[in-house]
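Q: Take this structure, written in structure tokens, and hold onto it; I'll ask about it next.
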Amino acid sequence: AQKITQTQPGMFVQEKEAVTLDCTYDTSDQSYGLFWYKQPSSGEMIFLIYQGSYDEQNATEGRYSLNFQKARKSANLVISASQLGDSAMYFCAIPGGGADGLTFGKGTHLIIQP
Amino acid sequence: KAGVTQTPRYLIKTRGQQVTLSCSPISGHRSVSWYQQTPGQGLQFLFEYFSETQRNKGNFPGRFSGRQFSNSRSEMNVSTLELGDSALYLCASSQGFWAKNIQYFGAGTRLSVL
């Protein structure tokens, strides 16, 4: 079964600093994708970035980038120049083995301080 | 392009009642997935529909059911509500098979069972 581990339950970061959110995963699939989502207090899950396991380059989307280390089964999200609006829960996810939808980690609660 | 729309946003029910939640996917998306989010269990996959057929189902009792219509809109139903069904229910849509497509989420329906 797929498994996602996010080891940082909460983080406090000063505004404008860069922040790295950790994600390690376990999968038996050879080809897979990794997703990061942001969930503000309103509840909506907002897609941030996707990394394919066979992509040659690390994914980037604006201020978001992935530090993807396939051999370590690690896909850390990097947010550059953090903003107050980045305060939210962040989830790493991977498609389930076989047919189980997305498997999510427990999430990291990020708080950006002015 | 309109995003995923879930209605209603909030619901209050009592034990034993049943409830129906609705999800309208992004135009052109044929796959709809449902997730339950609780503080204790986190995000858990309920089921996925593609072209009106349930393709996958998570580990939930038969009280949880769903369907998809020809216009890709989906409903999920929970019968004989229990206190533990109180949760945020999230719907996500994607263009095709979830393993290769990004899932876009709605704002969720927050269900409280009294």
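Q: Please go through region A:1-24 and give me each residue that is closer than 20 Å to A:S82 by Cα, aliphatic (A, V, I, L, M) and either touching an Asp or Glu at 6+ places or on another chain (Cβ under 9 Å) or surrounded by fewer than 14 Cβ atoms within 10 Å (Cβ to Cβ) (or both), ordered by number.
A: Once the filter is applied, which keeps residues that are closer than 20 Å to A:S82 by Cα, aliphatic (A, V, I, L, M) and either touching an Asp or Glu at 6+ places or on another chain (Cβ under 9 Å) or surrounded by fewer than 14 Cβ atoms within 10 Å (Cβ to Cβ) (or both), region A:1-24 yields A:V13, A:A18, A:V19.
Q: Which number in (1) surrounded by fewer than 18 Cβ atoms within 10 Å (Cβ to Cβ); (2) assigned to a strand (DSSP E or B) marks the one condition that B:T80 misses?
A: (2)
Q: Right, here's the next one. Taking into account only those residues within region B:86-100 that are more than 9 Å from every other protein chain (Cβ to nearest Cβ) and surrounded by fewer than 20 Cβ atoms within 10 Å (Cβ to Cβ), which is farthest from B:T53 (Cα to Cα)? Quick ask: steps written out before the conclusion?
A: To start, the set of residues in region B:86-100 that are more than 9 Å from every other protein chain (Cβ to nearest Cβ) comprises B:86-87, B:89, B:91, B:93-97.
Keeping just the survivors that are surrounded by fewer than 20 Cβ atoms within 10 Å (Cβ to Cβ) gives B:86, B:95-97.
Details: B:S86: 27, B:Q95: 15, B:G96: 13, B:F97: 12 Å.
Here the answer is B:S86.
Q: Could you grab me the full set of residues in region B:99-114 that are at pLDDT 95 or above, outside any loop (DSSP other than H, G, I, E, B) and farther than 12 Å from A:F47 by Cα?
A: Residues satisfying the conditions are B:T109, B:R110, B:L111, B:S112, B:V113.
Q: Here's another thing I want to ask about it. Scan region A:30-51 and report the pairs whose first residue is more than 10 Å from every other protein chain (Cβ to nearest Cβ) and whose second residue is crowded, with 18+ Cβ neighbours inside 10 Å and of a type in the set (V, I, T), with Cβ atoms within less than 8 Å and a gap of 6+ or a chain change.
A: A:L34/A:I94; A:W36/A:I49
The values are calculated or read from the model by the stated rules, or taken from the named source; none is laboratory data. All values derive from a computational prediction rather than experimental measurement. All Cβ positions, glycine included, derive from the backbone under ideal geometry; neighbour counts span all protein chains shown.
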